[in-house]
Amino acid sequence: MNIHSASCSPPLPRDAILRAAIDVFAERSYFNAQVADVARAAGVAAIEDPAERLRRFAQLHLAMLGRDRNLAIVFQVELRQSVKFMERFSATLLREYLGQIRATIEAGQKSGVFRKNLNATTVAKMFFGALDEMATNWILSRRRYNLELDADAVVDIFLDGTRPR
């Protein structure tokens, strides 16, 4: 069942992405899994509107990290201390993840939702970078708040900069 299936109580976004990741990793293993597989399993790929797909990416990204502070510390800080890990991660899962975001940007450019004169790869990196910074700031902050709630603000600011003028 994916997050768009009918049910009595739909799973929260963070639960949906975590469940999808667990299922895909269990089936294919972590290093053989592709972000596209997790996105499909979580229902992100089923969202047609590019702006809403970006919103869903942001919600799921921040929800997953915001759900477990220790997981966020490992991903945002500790794993980045290893050049070997970062090289392998960047060559596999991060490339796939950015590819999904880039494909969403390109679809938005084709449909007129996003400006055509923007480089989709650069836009995808900027979008990921904004989410990445929100997560890092959340870890370093002394305040405790729901990280996922920042998703809409990030996406709204981002979308205002990419819409046709």
Item to complete: Quick one: order LYS110, LYS125, LYS84 by neighbouring beta-carbon count within 10 Å, fewest to most.
Response: LYS84, LYS110, LYS125
Item to complete: Return THR122, THR92, THR162 ranked ascending by Cβ neighbour count within 10 Å, so the fewest neighbours appear first.
Response: THR122, THR92, THR162
Discussion item. Please arrange VAL77, VAL155 by how many other C-beta atoms lie within 10 Å of their C-beta, fewest to most.
Written reply: VAL77, VAL155
Fill in: Where chymotrypsin sites (Phe, Trp or Tyr not before Pro) fall in DSSP loop in region 48-148, at most 13 other Cβ within 10 Å
TYR145
Discussion item. Suppose R0 equals 30 Å. What FRET efficiency, 1/(1 + (r/R0)^6) with r the Cβ-Cβ distance, do SER29 and THR122 give to the nearest 0.05?
Written reply: 0.40
Worksheet item: Rounded to a whole number of µm²/s, how large is the Stokes-Einstein D of region 50-162 at 20 °C and 1.002 mPa s, given Rh as the Kirkwood radius over C-alpha pairs?
Response: 146 µm²/s
Worksheet item: Between SER141 and GLN81, how many nm apart are label points set 7 Å from Cα along the C-beta direction?
Response: 2.5 nm
Worksheet entry | VAL74-ARG163 FRET efficiency (beta carbon distance; Förster radius 35 Å; 0.05 resolution) | 0.45
Worksheet, complete the sentence: Simple SL model, points at 7 angstrom along Cα→Cβ for GLU96 and ALA153; separation in nm is 3.2 nm
Item to complete: Any chance you could run the full-extension gain for ARG88 through ILE22? It's 0.36 nm times the residue separation minus the Cα-Cα distance, nm to one decimal.
Response: 21.7 nm
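All of the numbers you see were taken from the coordinates with simple rules; none came from a lab. Keep in mind the model is a prediction, meaning the values are calculated, not measured. In this analysis, Cβ positions are derived from the backbone assuming ideal geometry, glycine residues included, and neighbour counts consider all displayed protein chains.
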